[in-house]
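Asker: Take a look at this one; I'll ask things after.
Bear in mind that the values in this text are calculations on the coordinates, not laboratory data. What you see is a predicted model, and the numbers here were worked out from it, not measured in a lab. Don't worry about glycine lacking a Cβ; one is built from the backbone with ideal geometry, like all the others, and counts go over all protein chains shown.
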Amino acid sequence: MQRETLLHSKRSISATVRLHRFLLRLVKNPATADELYQECWARVVSARERFRAEERFTSWLFAIAYRIAM
């Protein structure tokens, strides 16, 4: 595996772990956080055309998660 690909994979894994922790802090219930986590990724997939490359993906991802949780 190329170094750049490996680095990208590590960042992706880190973002997913941080996303789940973020949701857990917001809702304080592990089962609810799990459901919101799945819903967040479903919305990311369905809204992928609206992602603007000049934005940071994690900022976009966490904004979606926040809106779902609130």
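Asker: On a 0 to 90 degree scale, rounded to 10, what angle separates helix 30-46 from the longest Cα axis of the chain?
Answerer: Orientation of helix 30-46: about 50 degrees from the principal axis.
Asker: Still on this model: Using the Kirkwood formula on the Cα atoms of segment 6-70, what hydrodynamic radius do you get, in angstrom to one decimal?
Answerer: 12.2
Asker: Still on this structure, I have one more. Which residues does the label zone of Ala63 cover in segment 32-52, counting backbone N under 11 Å from a point 7 Å along Cα→Cβ?
Answerer: Correct set: 51-52.
Asker: Just to confirm the number: angle between the C-alpha axis of helix 57-69 and the first principal axis of the chain, 0 to 90 degrees, nearest 10?
Answerer: 10
Asker: Could you state the angle between the C-alpha long axis of helix 3-27 and the longest principal axis of the C-alpha atoms of the chain, as a value from 0 to 90 degrees rounded to the nearest 10?
Answerer: Between helix and principal axis, roughly 10 degrees.
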